[in-house]
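Single-structure report; data block below.
The values are calculated or read from the model by the stated rules, or taken from the named source; none is laboratory data. Every value quoted in this text rests on a predicted model; they were computed, and no experiment measured them. Using ideal geometry, Cβ is built from the backbone for each residue, glycine included, and neighbour counts are taken over all protein chains shown. Remember, those area values only see protein heavy atoms, side chains included, never the ligands or the DNA or RNA. Shrake-Rupley method; radii C 1.70, N 1.55, O 1.52, S 1.80 Å.
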Amino acid sequence: MSPRSDRPGSDRPGSDRPESGRAPIDGPAGPDGETSDDAQSKRDAAAELHRPSDHVDSAVDDSGADGADAGGTDGISAPKLGPIGWLRFAWRQLTSMRTALFLLLFLAIAAVPGSLVPQRSSDPNGVSQYLDEHPDLFPIIDAVQGFDVYSSVWFTAIYLLLFISLIGCVLPRTKHHWQAMRAKPPRTPARLERMQGLRRRTLAGDDVEQALAAGERVLKSKRYRVVRYGDSLSAERGYLRETGNLIFHGSLVGILVAVAIGGSFGYNGNRVVVTGESFVNYIGGYDSFTRGRLVTDDTLSPYRLRLDDLQVTYEQDNANAIGAPLDYTASVTVQEPNSTQTSKKQIKVNEPLRVNGTNVYLLGNGYAPHLTIRDPDGTVVFSGSVPFLPQNAQLFSTGIIKVPDGLSEQVGIIGLLYPTKTTLDSGALASSFPDLDDPLLTLSVYTGDLGLDQGIPKSVYQLDTTDLTLQAGRNAPEPAPELTPGATVDLPNGLGTVTLDSIDRFASLEIHDDPTQAWVLAFAILVLAGLAASLFVPRRRLWLKVRRGSDGELSVEYAGLARGDDPRLDEAVQEFADRHSEQLGGAAQTGRAGDGETKPIR
Amino acid sequence: MLDQYSTLFLYSAMGVYAIAFIAFTLDLSRRSAGVTARAATVQSGAERIAAARGTRVTRSAAAGSAGTTTLERPESYGPSSSDPIAPDSAGASTPLRPGKEGVSLRVGVALSILGFVLHLAADVLRGIAAARVPWANMYEFSMTGTLIIMGIFLVAVIRKDLRFLGAVITGLVLILLGISTVGFRVDVVPLPPALQSYWLVIHVMVAILATGFFTLSFALSVVQLLQARREGLGSSARAVKLRLLASVPASESLERSAYRVAIVGFILWTFTLMAGAIWAEHAWGRYWGWDTKEVWTFVIWVIYAAYIHARATRGWRGSHSAWLAIIGYSAVLFNFGVVNVFFKGLHAYSGL
Ligand code: HEM
């Protein structure tokens, strides 16, 4: 075998991609007999990573339209392009690294306002409050969709462009990677000095074949893909890095699509249920309901859910946290549609109940006094549980009772509930503990026009007092009626009586149906796995070159090349060299590139 | 009772960190003095490396015997012999001769370890006092978070000589601990039902870990920017300006370290975001609702994704991407310090 010729000048010095230069091969052609430079360069191209042209690892290519997006000044040459050229130019711009980078930064900036201004989607009360507090600013912010940032035109435009860019970037890379996975590692470069971590060793023995076979064994055991070119080995590993990157980006698209589909086919609704009452899952059964565009009335499966009990425990001992809730447990009975079978279940705050493809969450709770109002003759004109809205941590709560018919006048009542009553120094009533240790209900009674006849929907939690007259309560002709459970008191002006039968609890239940939730989770797991592979699997090449020395010894060169971030490349070359010499029965002499062949290193 | 001991340990840890900070600062000033003395005669390690980094054909002195002309590529990622952060490096360690010059540095490291042990004791005692993981309100996040920052720094120091970051890290930890003991300190209270979940252990722990890595990456990026400025100066100006950086690795090497630490933080943050979504689905009935805290978690994630992209974009690696790392870390601090305290949202767990 002829000694290696260095053929100076045959590889382009100064190119920053020595491995893509048509490096002359060492010795005869590979076993497949492929010698044509063309076929080889095709193969080498397939082994390269496909990257947008402004990626740091892409060669700067000044030829033709390809270079159009390599730098800002290249736009000057653009007018020469035809329409197709323009389209290609625009597409390349959109799918360049720089565009992706800017779109990511825009996305980050665009997301911020939604945390500064209340959003209709997550905080509708905050939005109405904002209108009260900043009446001048409100219309301006509203005009630019500042209260709906995440569904706004501009936010949507940014992420859609980003995802188009992403798809445009990932598709060609996927195709390319598919080919690269089936291609062979490229030829061994003529001069390994230009690679990284070069080591030279002189080994005992003179069997080139044996040395190459040993090299192949070592590399294969490290899961490298190995090809022999003449008296050299070319090996590559870490294709998973690119696979992971593609899975990562692709799964981001997957999440977006799954979320969009889920939004069209899913629904969610809210319902306040007092203990002992039931809820049926149909649209009319909800207090509030939102559904995706493609949800019909029959989508809902009409199961029945009865709230048997709501158990709440409060902190009693820790002086820093008296009254802090420790646990909420709702006991429910579920009856599946078209079935008489029932089953008993529990719902807790972090443990939703899964029924018939929907999830039932326990999101809120409070008291619902059960009141009965009779006219002076004793006829019942109102009877029912009225959910009161909690106002503070000690569950001081307020509620509204409207009696439009049956009494001599329309009556509106505002009730104040103190679960454990206490009198403040000022003489005002307050609640000192959220449990019903010593409950008291006081009423402010109004008469007049409740405004219910005009057909305008009114909230059951609000009483519009503009057309009403206060008859009993603070600063009223008569003092506020006070009730403890079981008590009955007279309403003012001989209107009738009111009885507090009991004080029950209510649960605020949220029901969700999101048919693509599992898909979102699956894609999220892929995102994470892809990311881990893409960031931590090293993609690298290793080479081994053997030469028979004049004195019956083998001179071997080892070198590597990182494809992307690879902190351990040098170690990998070292380990490869060590294991290879070990396999061949130990090194006669070792040396590191440039140290001269006799000077041992490390 | 136990909680009082915890506080006591925490104050002791802060005292020890303060002395460590002084020791590290002394070391830095000694570095600049030492460098000045040699500047006239010896080209500093960092300069040599900076020179070797450029794409140019160099005939290195060591390679002279073999007569090989080697091409140094700017994007050679494997630690080469000129990688100053590698333990066998010539750059970072030479300016500090063992003996009296290294004393304050070693004192700084030793005190950091002692402070860490006291800090750990404080954290564990708090956990025992509360009978749960010690990261359920802002005071506890800060205490555990700074503990993790110190821990990651100390582990990193075993692997690479990052001791020059000691002053930045102990300084930052001291400030954070100071703010949280004064501003966020609360007594032990039971967990609200929404926090009673194993996701509190997983989600928050991983978030704290991610923050620790981001902190280290931030510190490296800051030093990198200073170093890059110094490298940009002419060599005569370099001798006077920012002298203490002469004993610190070259900006490119700092950049690579910052990146490697940041990607660990990024993957942990990705997990934090996803675990948070799963928990939100359990507790609030939806996995994503653009709650203020969710918005900021997302913003941070996107900024770091942009940082990773910037590093892969021609013309952006280096100072540009370092700025993104710093912006990303500012968002982390903002998310913790400002969003928790002043913004309205479902994540009302600051305990304040
Ligand atoms: C939703 C938008 C995007 C996000 C969140 C994102 C995120 C990321 C992250 C985290 C990485 C580093 C991990 C890895 O290597 O897989 C990465 C790498 C990469 N991304 Fe993206 N990306 C997005 C869009 C894009 C787009 C539009 C392009 C094409 C222009 C692109 C091209 C790349 C490339 C080429 C890499 C590899 C960088 C390298 O060589 O180190 N990405 N991306």
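It is to be established whether one or more residues within region A:462-481 are assigned to a loop (DSSP other than H, G, I, E, B), under 24 Å from A:THR275 (Cβ atoms) and in the same structural domain as A:ILE401 (by TED's automatic domain parsing). If you could, list the steps in order and put the result at the bottom.
Here is the first cut: in region A:462-481, the ones assigned to a loop (DSSP other than H, G, I, E, B) are A:462-467, A:473-477, A:479-481.
Now drop any that are not under 24 Å from A:THR275 (Cβ atoms), which leaves none.
The answer is no; no qualifying residue exists.
Restricting to region A:545-570, and then to whatever is in a loop (DSSP other than H, G, I, E, B) and within 13 Å of chain B (Cβ to nearest Cβ), can you tell me which residue is farthest from the ligand (Cβ to nearest atom)?
By that ranking, first place goes to A:ARG568.
Does B:ILE202 qualify as being touching a residue at least 60 places away in the same chain (Cβ under 8 Å), at negative phi and assigned by the TED database to the domain that holds B:TRP279? Show your work before the answer.
Numbers: touching a residue at least 60 places away in the same chain (Cβ under 8 Å): yes; at negative phi: yes; assigned by the TED database to the domain that holds B:TRP279: yes.
Yes; evaluated as a whole, the condition is true for this residue.
Is at least one residue of region A:244-256 away from the ligand (no atom under 16 Å from the Cβ) and surrounded by 21 or more Cβ atoms within 10 Å (Cβ to Cβ)?
No, region A:244-256 has no match at all.
So is B:TRP288 within 16 Å of the ligand (Cβ to nearest atom), more than 7 Å from chain A (Cβ to nearest Cβ) and modelled with pLDDT of 95 or more or not? Write out each step before concluding.
Values: within 16 Å of the ligand (Cβ to nearest atom): yes; more than 7 Å from chain A (Cβ to nearest Cβ): yes; modelled with pLDDT of 95 or more: no.
It is false that B:TRP288 is within 16 Å of the ligand (Cβ to nearest atom), more than 7 Å from chain A (Cβ to nearest Cβ) and modelled with pLDDT of 95 or more.
Is it fair to say B:LEU200 is open to solvent by less than 30 Å² (accessible area, probe 1.4 Å) and within 14 Å of chain A (Cβ to nearest Cβ)?
Spelling it out, B:LEU200 is indeed open to solvent by less than 30 Å² (accessible area, probe 1.4 Å) and within 14 Å of chain A (Cβ to nearest Cβ).
Please go through region B:267-285 and give me each residue that is at the interface with another protein chain (Cβ under 7 Å from one of its Cβ atoms) and within 29 Å of the chain's Cα centre (by Cα), ordered by number.
Hits for region B:267-285 are B:ILE267, B:THR270, B:PHE271, B:MET274.
Take region A:105-163 and flag every residue that is in a helix (DSSP H, G or I), within 14 Å of chain B (Cβ to nearest Cβ) and among the acidic types (Asp, Glu).
Residue satisfying the conditions is A:GLU133 alone.
Report the residue count in region A:257-275 for those that are outside any strand (DSSP E or B), open to solvent by 40 Å² or more (accessible area, probe 1.4 Å) and not hydrophobic (A, V, I, L, M, F, W, C). Walk me through it before giving the result.
Within region A:257-275, the first condition is being outside any strand (DSSP E or B), and the residues that meet it are A:257-266, A:275.
Pick out the ones that are also open to solvent by 40 Å² or more (accessible area, probe 1.4 Å) and you get A:257, A:259-261, A:263, A:265.
Okay, now just the ones that are also not hydrophobic (A, V, I, L, M, F, W, C), so A:263.
The number of residues fulfilling the criteria is 1.
Of the conditions (1) more than 12 Å from the ligand (Cβ to nearest atom); (2) part of a helix (DSSP H, G or I), B:SER321 clears all except one; give me its number.
With (1) more than 12 Å from the ligand (Cβ to nearest atom); (2) part of a helix (DSSP H, G or I) applied to B:SER321, the lone miss is (1).
Those residues that are of a type in the set (D, E, K, R), open to solvent by less than 10 Å² (accessible area, probe 1.4 Å) and more than 12 Å from the ligand (Cβ to nearest atom), I need them from region A:528-544; list them, please.
A:ARG541
Does A:GLN391 satisfy being open to solvent by 60 Å² or more (accessible area, probe 1.4 Å) and under 45 Å from the mean Cα position of the chain (by Cα)?
Judged against the criteria, A:GLN391 is a match.
Out of all the residues in region A:406-425, is one or more within 17 Å of A:GLY473 (Cβ to Cβ), surrounded by fewer than 20 Cβ atoms within 10 Å (Cβ to Cβ) and free of Cβ contacts under 8 Å to residues at least 24 places away in the same chain?
Looking for residues that are within 17 Å of A:GLY473 (Cβ to Cβ), surrounded by fewer than 20 Cβ atoms within 10 Å (Cβ to Cβ) and free of Cβ contacts under 8 Å to residues at least 24 places away in the same chain, one finds none in region A:406-425, hence no.
Would you be able to tell me the number of residues in region B:258-279 that are away from the ligand (no atom under 13 Å from the Cβ), closer than 23 Å to B:ARG159 by Cβ and open to solvent by less than 20 Å² (accessible area, probe 1.4 Å)?
So the count comes out to 1.
Please find, among A:LEU137, A:LEU162, the residue that is within 16 Å of the ligand (Cβ to nearest atom) and either open to solvent by 20 Å² or more (accessible area, probe 1.4 Å) or closer than 30 Å to A:HIS249 by Cβ (or both). Working first, answer last.
On the way: A:LEU137 fails: within 16 Å of the ligand (Cβ to nearest atom).
Of A:LEU137, A:LEU162, the one residue that is within 16 Å of the ligand (Cβ to nearest atom) and either open to solvent by 20 Å² or more (accessible area, probe 1.4 Å) or closer than 30 Å to A:HIS249 by Cβ (or both) is A:LEU162.
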